[in-house]
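Here is the structure we will look at.
The values are calculated or read from the model by the stated rules, or taken from the named source; none is laboratory data. Every value quoted in this text rests on a predicted model; they were computed, and no experiment measured them. Quick reminder, even Gly has a Cβ in these numbers, built from the backbone with ideal geometry, and neighbours come from all protein chains shown. Keep in mind that these areas ignore ligands, DNA and RNA; they rest on the heavy atoms of the full protein, side chains included. Shrake-Rupley method; radii C 1.70, N 1.55, O 1.52, S 1.80 Å.
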Amino acid sequence: MTQSATSPELLPAIRLSNVCKSYGDHPVLKNIDAQVARGEVVVICGPSGSGKSTLIRTINRLEEISSGSITFDGQNIHAPMPTKALNLLRSRIGFVFQNFNLFPHLSVVDNVSMSPVRVKGVAPDVAYDKALRLLDRVGLADKAKAYPAQLSGGQQQRVAIARALAMEPPVMLFDEPTSALDPEMVGEVLAVMKSLAAEGMTMLCVTHEMGFARDVADRIWFIDAGEIIETAPPETFFNNPRHPRAQRFLADLRH
Amino acid sequence: MINDMIAIISDHWLLLLIGQYPNGPLGGLANTLILSALSIALAFPVSILFALARLSKWRMLRWPVTALVYITRGVPLLMLILWSYFLVPLLTGADVPSFVTMLTTLVVYQGAFLSEVVRGGIVALGHGQMEAAKALGHSYLGAMRFIILPQALYNMIPSIISTFVSTIKDTTLGYVINVPDLTFAANQVNNQLLTQPFQVFLILAIVYYAICWSLTQVANIIERRITRRRAGETRGPAVPAEPRPIALEQP
C-alpha cells in the first residue's frame, strides 16, 4: 500500500502510446493507446487485414513503428538503442509464431535449451534439464529426442511455446498460434495456453478462437482498420458489443 | 596400351607423385593435393564471409563485395591467373611464388562462386528462422552461426561439393604459370617420351577423376549421415512439416 505509483510492480507490463505505423501512404496502425497489466490476459481480435499481427509484432520490434512508443517494464522498446540492448529486451518477451518456426536442424530438446545456453549463458546441463521439465509441462517429454519434422503441427506449436518459456519471459505474445493447425490439434495448444494463463502469465494473444477468448481473456481488444475501437471484458464484448463494427464482426462469426 | 601405361607409371611414378622434390620444389600429385586442399579450406570460409557481406545492411560492406563477386564471376579464371601473375609483381615489386599466386587467385575465384551458393542457401530459408532467433534474443551473428548457416550449408551440400570438385580441376590451370603440379609433371613425362601422349594424359585423367570421385563419395556419406541423424530414432520416414525450400542448384 505504501508503494509509490512509479514502482515497477505497479507499472503496466506493456504500454502502447500513440503508436502509428504506415507503409508509405497506407496506415496500418493508427494512434494505438493501450496497456496490458501484469498477469493480465489480453486477446486481440478483429477482421483479417485489420493490423492485429502487425500490432503484436511491433511489441518485440519485429516490426518498426512510425511514431509513438511502446514501453515494456518501463523501457521504450522502439527507442534507438544498441542491438545488444534490443536483443536483451527481446529475450524477455516470449513470442509464438503462427508457423511455429522451430529450428528443423535441432532436436526438440535442443530447440528448447539452445537459446538459454547461447543467449543467457546458462550451463548446458542446467538448460537441458529445464528443457525436459518444460517439455513435460506441455505434454511432450517423450518427444525430447525427436526432430521437429517428426511432430504434428499441434506438437510443434507446443514445443515452440516451451522454447519461448525456456527464456523465462515475464510476458508472452502469441501471433495466431492455432491458425496453421488442423482443427483437431487446436485444443491441445489452447490447453497449454490456458494453463499458462492460470499460472498468472501476462499474455497478449492474437487469435480467432473466440471460445478461448471468452474463457481465458481478462480483456478483449477489438481492432479494425488499424485502430483499437473497443476494449472490454469478454462478457461485455461478446454479449453487448458497443461498436457497430464489433457487432457485425461477432454476427459474422455466428454464421 | 595398358602395358604402356603401367610402364610409364613404374618409370616415372616418383616424378608424378612429388615432382623434382627433394632436388627441386615439391610438385606432382602431392602439390596438386596440397593446392586443392588449401584452396578449398580457404575458399569455404571466404565464401561465407562474402555471402554475409552481400546480405549485410551496410552498403560499405555490401557494395564492394557485390562488385568483386560480379567481376570475378564474369571473367575467365585463366585470365585472372595471368593478371595476378604478371600484374601483382609489377605493382608491388614483390616476387610472389607462382604457388601463392595460384592459391590466392583460386581462393578469390572459387570463394566468389561459392558465396553465391551460400547466399542462395541462406535466402532460401526464408525470414521465419531469423525472426524466431531474434525473438529469442539471439544476435544477428549468433543466429547466423547456430541457426541459419547450419541449415543453409546443409541444404547446399551438393552445390558446395560441386564447387569443391571444380576447384580441384581448376588447379590444373596452374600449369600456365609453372606451378609444378600433377599436370605439370605429366607434361614433363610426355616431353621425355614424346611418342605416348595419349597414354600419359589418360593416366592424368584417371588420377583427377579418382580424386574428384572420392570427394563426391565422402560428401554423400556425410550428407546421408546427417539425414539419418535428423530422421531420428522414430520409425517411418520423416514427414517434413513445411515443404523444404527449393535449393538453388548449380547446374
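Quote the convex hull volume per residue of region B:111-237, based on C-alpha atoms, as a whole number of Å³. Write out the running numbers ahead of the final one.
On the way: hull volume 18.6 nm³, N = 127.
Here the figure is 147 Å³ per residue.
If contacts are Cα pairs under 8 angstrom and at least 6 residues apart, what is the relative contact order of chain A in percent? Before the final figure, lay out the partial values.
Numbers: 449 pairs, mean separation 65.3, N = 255.
Taking the mean separation of contacting Cα pairs over the length of chain A, I get 26 percent.
Given the options B:23, A:243, A:28, identify the residue whose Cα lies farthest towards the positive end of the charge dipole of the protein assembly as shown (+1 on Cβ of Lys, Arg; -1 on Cβ of Asp, Glu).
Looking along the dipole axis, the top candidate is A:243.
To the nearest 10 degrees, how steeply does helix B:98-124 sit against the main Cα axis of chain B, on a 0 to 90 scale?
30 degrees
Based on the Cα coordinates of region B:2-235, what is the per residue volume of their convex hull in Å³?
Details: hull volume 40.9 nm³, N = 234.
Given the Cα convex hull of region B:2-235, per-residue volume reads 175 Å³.
Just to be sure I understand the model, the point goes 7 Å from the Cα along the line to the Cβ. What's the resulting residue B:58 to residue A:208 distance in nm?
4.4 nm
Quick one: of the DSSP bridges fully inside chain A, what percent are antiparallel, nearest 5?
55 percent
Over the protein assembly as shown, what is the percentage of antiparallel beta bridges among all DSSP beta bridges, to the nearest 5?
Details: 20 of 37 bridges.
Of those bridges, close to 55 percent are antiparallel.
Could you compute the longest span of chain B free of GluC sites (Glu not before Pro) located in DSSP loops and having at most 12 other Cβ atoms within 10 Å, not counting the site residues? Write out the running numbers ahead of the final one.
Working: sites that count: B:233, B:249.
Longest run free of exposed loop sites: B:1-232.
How much length is gained on full extension from residue A:64 to residue A:235, taking 0.36 nm per residue of separation minus their Cα-Cα distance? Display every interim value, and only then the final one.
Working: separation 171, 0.36 × 171 = 61.56 nm, distance 3.34 nm.
Here the answer is 58.2 nm.
In nm, to one decimal, how far is the residue A:20 label point from the residue A:79 one, both placed 7 Å along Cα→Cβ?
2.2 nm
How are the C-alpha pair distances of the protein assembly as shown spread across 20 Å bins, as whole percents from the shortest bin up?
19, 40, 25, 13, 3, 0
Under the √(5λ) rule applied to the eigenvalues of the Cα gyration tensor, what semi-axes describe the equivalent ellipsoid of chain A? Give them in Å, descending.
Numbers: eigenvalues 172, 106, 61 Å².
Over the Cα atoms of chain A, the ellipsoid semi-axes are 29, 23, 18 Å.
Given labels modelled 7 Å from the Cα in the Cβ direction, how far is it in nm from residue A:184 to residue A:88?
4.8 nm
Against the longest principal axis of chain A, how steep is helix A:244-254, in degrees 0 to 90 to the nearest 10, with axes from Cα atoms?
50 degrees
In deg cm²/dmol, rounded to 500, what helix-only [θ] at 222 nm does chain B give when every DSSP H run of at least 4 residues adds -39500 (n - 2.57) and the total is split over its residues? Intermediate results must be reported in sequence, preceding the final value.
Details: 11 runs with 182 residues, N = 251.
Per the formula, -24000 deg cm²/dmol.
For the pairing of chain A with chain B, what total accessible surface becomes buried, with a 1.4 angstrom probe, in square angstrom to the nearest 100? List each step's numbers first, then the result.
Working: alone 12120 and 14970 Å², together 24790 Å².
The summed interface area works out to 2300 Å².
Could you size up the charge dipole of region B:2-235 around its Cα centre, putting +1 on the beta carbon of Lys and Arg and -1 on that of Asp and Glu, and report it in debye to the nearest 20? Write out the running numbers ahead of the final one.
Working: 15 positive and 9 negative charges, 263 e Å.
Its charge dipole is roughly 1260 debye.
Pairs of Cα atoms under 8 Å, at least six residues apart: use those to get the relative contact order of region B:54-184, whole percent.
Details: 88 pairs, mean separation 35.4, N = 131.
The normalised contact order for region B:54-184 reaches 27 percent.
With all protein chains present, calculate the accessible area of residue B:213 using a 1.4 Å probe and round the result to the nearest 10 Å².
130 Å²
Given a 1.4 angstrom probe, what's the average accessible area per residue across the protein assembly as shown, in square angstrom? If you can, show how the numbers build up before the last one.
Working: 24790 Å² over 506 residues.
Dividing the accessible area of the protein assembly as shown by its residue count gives 49 Å².
Taking the protein assembly as shown, how many lysine pairs are there with alpha carbons less than 19 Å apart, if each pair must be eight or more places apart or span two chains?
11
If every alpha-carbon in region B:144-190 counts as one equal scatterer, what log10 I(q)/I(0) does Debye give at q = 0.23 1/Å?
-0.78
Ordering A:182, A:215 from largest to smallest accessible area (1.4 angstrom probe), what's the sequence? Provide the component values of the computation, followed by the final result.
On the way: A:182 80, A:215 105 Å².
The ordering from most to least exposed comes out as A:215, A:182.
Pairing the Cα long axis of helix A:124-137 with the longest principal axis of chain A, what angle in degrees results, from 0 to 90 and rounded to the nearest 10?
Between the helix axis and the principal axis of chain A, the angle is about 60 degrees.
Counting only protein heavy atoms and a 1.4 Å probe, tell me what percentage of region A:31-171's accessible area is made up of carbon and sulfur. Working shown, then result.
Values: 2530 of 5170 Å².
C and S atoms contribute 49 percent here.
Could you run the Debye sum over the Cα atoms of region A:24-149, one equal point scatterer each and no solvent, and tell me log10 of I(q)/I(0) at q = 0.09 Å⁻¹, two decimals?
Those come out to -0.36, one per q.
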